[in-house]
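Below is one structure, written out as structure tokens, with a few remarks after it.
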Amino acid sequence: MNTIAQRNTSLAMTGLFSALVIAFCLAGIMQQDVHAATVKDNMPSGRQATAIVNGQYPASYFPNTELLGAAEMRITALGTGMPNQTKAAVSISYLVELGNGDKFLFDLGMGSMGNLFSLRPDFSKLDKVFASHLHIDHVGDFMGLHIGGWLSGRYTPIHIYGPTGSKPELGTKAFVEGMQKAYAWDLATRSGALPDKGAQIVVHEFDYKQENEIVYQQDGVTIRSWPAIHALDGSVSFGLEWKGLKYVFGGDTYPNKWYIKYATNADVASHEAFLPPKALAAYFGWDLGQAMWVSTRIHTEPQAFGKVMSAVKPRMAVGYHSVQSPENNAAIMDGVRKTYDGPLTLARDLMVINVTRETMKVRMATVDEYVLPPDVTEAYKKAPRSDEKHTSEYISSGKWKGYTPPPMPKK
């Protein structure tokens with residue numbers, strides 16, 4: 001074969017190979033498009049909800065595949081980061097689920113609603129939020145839960161438990177009233193289409209100065225609050241007790257005597273472990289003095305967190321409220337280990353802790369990025385609805401005559 005023929009043959013083979021590669025890639029893309037729909041129940045193929053036997057948990061938690069034991073608690077970190085949230089860490093929130101079916105949310109910072117939704121929970125049971133304070137990175141997604149949960153299965157009022165402020169306008173009641181005014185148009189548009197009672201918010205405001213007083217008690221669950229030290233008066237920490245188990249949520253706080261007293265010997269004690277001053281200064285571009293003030297006077301830096309946990313002695317210490325990166329996590333861990341050598345977890349978004357009296361399992365949840373809405377209950381479908389609202393005659397007259405919507409299905 002001459003040189004020209006060889007070159008032509010080579011070019012032809014190269015072209016054929018390229019065409020096959022392109023065709024294969026296109027077929028793969030088409031195949032992906034065909035199978036893009038998410039499994040409705042967000043559950044791995046072939047699996048169903050089962051009980052955990054002898055504390056043998058899977059390495060990952062797949063939502064809705066595990067039955068909680070009658071005396072078991074599951075704590076999920078929905079957000080562990082800062083006000084300027086990232087893909088790795090949205091703002092602060094924890095979900096606590098109990099074996100009796102109860103579910104409680106502690107704070108609901110910006111971005112946490114997305115992580116909550118990825119778990120495909122039964123929103124009819126997500127009607128209790130406990131707010132440690134009213135910073136946006138702790139309550140920024142409250143209205144997202146109120147309206148999003150209403151859309152997704154909640155047909156009863158949502159309850160928020162939160163502290164007073166040093167003035168009435170700085171308390172939880174004023175916060176909710178402001179949110180209802182801000183979202184008045186949104187709420188009005190959904191009236192009639194959604195269950196009437198789901199639009200309601202019930203505020204349980206309590207004195208931020210009370211020490212270990214009960215703010216919630218029902219079905220064997222007791223939740224208490226005590227003061228926290230953060231920015232202004234009006235921050236608190238919470239302790240949840242049930243069947244001999246205790247979970248403590250610190251919110252944001254400087255190390256304080258109340259946390260030391262009331263979190264002692266908790267099964268899980270969560271408390272902020274903020275960025276150390278140098279890392280904070282580098283992250284925000286602040287001078288070291290400003291970073292030192294924020295990290296060590298407004299928040300709790302790692303060595304202080306370690307001292308707190310050495311005093312509290314929980315079964316598991318959980319640190320949160322940082323900018324997630326390998327470097328920052330290493331700096332926090334190094335600081336904590338200078339003052340605390342007990343059981344420790346630095347929380348990440350969608351970290352899960354299962355707790356019984358005998359076992360403690362820490363792992364990550366595996367969720368679907370394209371998760372679909374959860375199914376709603378028959379009670380939600382049948383819940384009373386008032387008349388739907390409609391646009392005015394003036395706005396309705398602007399509908400384009402070039403489009404006619406398809407007929408509505410028969411009931």
**Asked** Tell me, which residue of segment 298-340 that is free of Cβ contacts under 8 Å to residues at least 24 places away in the same chain and out of contact with any Ser or Thr (no Cβ under 8 Å at 6 or more places or on another chain) is nearest to residue 63 (Cα to Cα)?
**Response** 326
**Request:** Report, by residue number, each residue of segment 272-326 that is in a loop (DSSP other than H, G, I, E, B) and among the aromatic types (Phe, Trp, Tyr).
**Result:** 274, 286
**Filter pass, residue 241 being in contact with a Phe, Trp or Tyr (Cβ under 9 Å, 6 or more places away or on another chain) and free of Cβ contacts under 8 Å to residues at least 24 places away in the same chain** = yes
**Message:** Here's a check for you: in segment 224-277, which residue that is of a type in the set (Lys, Arg) and surrounded by 20 or more Cβ atoms within 10 Å (Cβ to Cβ) is farthest from residue 305 (Cα to Cα)?
**Reply:** 224
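So that you can scan it fast, the table gives a plain yes or no per residue for (1) modelled with pLDDT under 95; (2) acidic (Asp, Glu); (3) in contact with a strand residue (DSSP E or B) (Cβ under 9 Å, 6 or more places away or on another chain):
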{"residue": "186", "(1), (2), (3)": "no, yes, no"}
{"residue": "191", "(1), (2), (3)": "yes, no, no"}
{"residue": "196", "(1), (2), (3)": "no, yes, no"}
{"residue": "203", "(1), (2), (3)": "no, no, yes"}
{"residue": "206", "(1), (2), (3)": "no, no, yes"}
{"residue": "212", "(1), (2), (3)": "no, no, yes"}
{"residue": "216", "(1), (2), (3)": "no, no, yes"}
{"residue": "220", "(1), (2), (3)": "no, no, yes"}
{"residue": "225", "(1), (2), (3)": "no, no, yes"}
**Asked** Taking segment 288-323 on its own, how many of its residues are surrounded by fewer than 18 Cβ atoms within 10 Å (Cβ to Cβ), touching a Gly at 6+ places or on another chain (Cβ under 8 Å) and either of a type in the set (D, E, K, R) or at pLDDT below 95 (or both)?
**Response** 1
**Prompt:** When you scan segment 156-232 for strands (runs of 3 or more DSSP E) that lie fully inside it, which ones turn up with 1 or more residues that are over 14 Å from residue 129 (Cα atoms)?
**Reply:** 213-218, 221-227
**Asked** If the Cβ limit is 8 Å and pairs must be 6+ apart or interchain, which residue in segment 208-219 that is closer than 19 Å to residue 232 by Cβ pairs with which residue that is crowded, with 16+ Cβ neighbours inside 10 Å and polar (S, T, N, Q)?
**Response** 208/164; 208/225; 208/235; 210/225
**Fill in**
Of the residues in segment 374-411, those that are more than 34 Å from the chain's Cα centre (by Cα), surrounded by 10 or more Cβ atoms within 10 Å (Cβ to Cβ) and either polar (S, T, N, Q) or outside any loop (DSSP other than H, G, I, E, B) (or both) number 1
**Item:** Checking residue 332 against (1) in contact with a Phe, Trp or Tyr (Cβ under 9 Å, 6 or more places away or on another chain); (2) closer than 21 Å to residue 112 by Cα; (3) part of a helix (DSSP H, G or I), the condition it does not meet
**Value:** (2)
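The values are calculated or read from the model by the stated rules, or taken from the named source; none is laboratory data. All of these numbers come straight from a predicted model, not from anything done at the bench. All Cβ positions, even for glycine, are placed from backbone atoms using ideal geometry, and neighbour counts span all protein chains on display.
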